[in-house]
1. Could you pull out the longest piece of the chain with no exposed loop chymotrypsin sites (Phe, Trp or Tyr not before Pro) in it, calling a site exposed if DSSP puts it outside H, G, I, E, B and it has at most 12 other Cβ atoms within 10 Å?
2. I'd like the Karplus ³J(HN,Hα) series for region 245-260: coefficients 6.51, -1.76, 1.60, θ = phi - 60°, whole numbers in Hz, and an x wherever there's a Gly or Pro.
3. Compute the normalised compactness of region 247-324: alpha-carbon radius of gyration over 2.2 N^0.38 Å, N being the residue count.
4. Give me the percent of Cα-Cα pairs in region 227-275 that sit more than 12 Å apart, rounded to a whole number.
5. In region 28-95, what GluC sites (Glu not before Pro) fall in a loop by DSSP, with at most 16 other Cβ atoms inside 10 Å?
6. Under unit Cβ charges (Lys, Arg +1; Asp, Glu -1), what dipole magnitude, rounded to 20 debye, does the chain have relative to its Cα centre?
7. May I ask which of LYS14/LYS68; LYS55/LYS144; LYS3/LYS197; LYS55/LYS165; LYS165/LYS301 have a Cα-Cα span longer than 26 Å here?
8. Let me make sure I get this right: for region 150-293, a, b and c are the square roots of the gyration tensor eigenvalues over alpha carbons, sorted descending. Under 1.5 in a/c it's rounded, otherwise prolate if a/b > b/c, else oblate. Which is it?
Amino acid sequence: MTKHYLISHENWDKVLNRAISKYLLYAPVIRENHQDYVLVEQEQDISHIIYNTAKPASPLKTFFLPVKENVVREPEGIPRIILGIPPCDLAGLEMLDTFYLEEPYVDPYYQDRRENTLLIGTDCFTAQEHCHCTTYGVSPAVEKYADIRLASHEGNMYLTVLTEKGEEFVRKYMAGDAKETDESRMAPVREKSGQLKKELEERNSQLPGYERTGVLIRKSGEDIWEKYSADCVSCGACSSICPTCTCFLLIDRPEFEKIRSLDTCQHPAFERVAAGEDPLHSKAARFRNRYLCKYVWRPEKYNTLACTGCGRCIEACIGRINKNELFVELNT
């Protein structure tokens with residue numbers, strides 16, 4: 001189901017204008033020197049959407065896992081489009097889908113949002129300082145988990161339809177505006193993402209790969225975790241901003257409300273049980289636990305990536321802890 005289309009940027013904006021009457025459209029814009037998703041509700045806002053620029057501050061998971069929600073209610077079934085998703089966030093969906101859609105414990109709220117969301121991913125033509133997706137086998141070009149792959153180049157939009165849902169959108173909203181083409185016409189945008197891949201590989205050449213990192217963490221002693229956790233304030237920003245972290249609490253409230261609230265292993269007392277026992281009572285133990293989860297336990301259990309190299313945890317850290325520096329030190 002791979003089809004390629006070419007459409008002018010002007011006509012693409014018209015497509016989006018037609019779509020916002022039926023969908024909630026979220027797309028990245030730059031405000032106050034940072035990029036993030038906003039709800040695009042009016043025609044004049046469409047021109048502010050940016051393309052192929054890494055990366056929105058918020059991870060894709062925020063659209064599927066709200067910080068808090070009442071899980072004793074009917075799913076909403078609201079159709080929406082999320083546009084401009086970077087490949088690192090799309091790769092994170094594999095972990096989330098495995099966790100929340102695996103039988104027999106399917107989460108109806110996550111499932112509802114997934115089924116009612118059209119995902120339009122965009123290749124990255126630029127990288128931020130801490131991007132390291134290629135180290136973990138994630139390409140700057142969209143390869144899977146999107147319904148449509150999109151790139152902007154010299155006044156044209158290059159689309160590759162990857163799913164039936166994406167094809168239905170093209171038929172419904174792009175008929176007459178887009179011209180079907182072949183893979184050879186995609187060469188200009190493929191070249192740009194290919195160049196970025198080489199740049200990222202060179203930039204992060206000292207960083208160990210995903211499997212190697214897991215081995216290093218298993219074999220590591222306590223000293224390095226004490227060293228790097230010394231600046232940690234246990235705020236949980238790294239987990240909150242991570243595209244794949246999924247821990248949550250369930251809290252019962254009056255009127256038969258049950259609130260699911262995102263949680264993190266970085267908070268003190270996260271694993272405290274009866275009689276006050278807590279295997280993660282020390283900050284260094286909590287700090288290491290997160291990396292054991294991401295590079296050892298989750299890949300073993302689910303056979304998926306639990307870190308996609310987006311670098312958001314480094315950028316969000318109040319203590320300015322750089323996990324990549326930690327892994328390079330482990331590898332020396």
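We did not get these values from a lab; they are worked out from the coordinates using the rules stated. Given the structure is predicted, the values throughout are model-derived calculations rather than measurements. Methodologically, a virtual Cβ is constructed for each residue, glycine included, from the backbone with ideal geometry; neighbour enumeration extends over all protein chains shown.
1. 106-255
2. These are the phi-based 3J(HN,Hα) values: 5, 10, 4, 8, 10, 10, 10, 7, 10, x, 6, 6, 8, 10, 9, 8 Hz.
3. 1.32
4. Tail of the P(r) past 12 Å holds 71 percent of the pairs.
5. GLU32, GLU41, GLU76
6. The calculation lands at about 360 debye.
7. Where the Cα-Cα span goes over 26 Å, the pairs concerned are LYS14/LYS68; LYS165/LYS301.
8. Oblate, because a/c is 1.5 or more while a/b does not exceed b/c.
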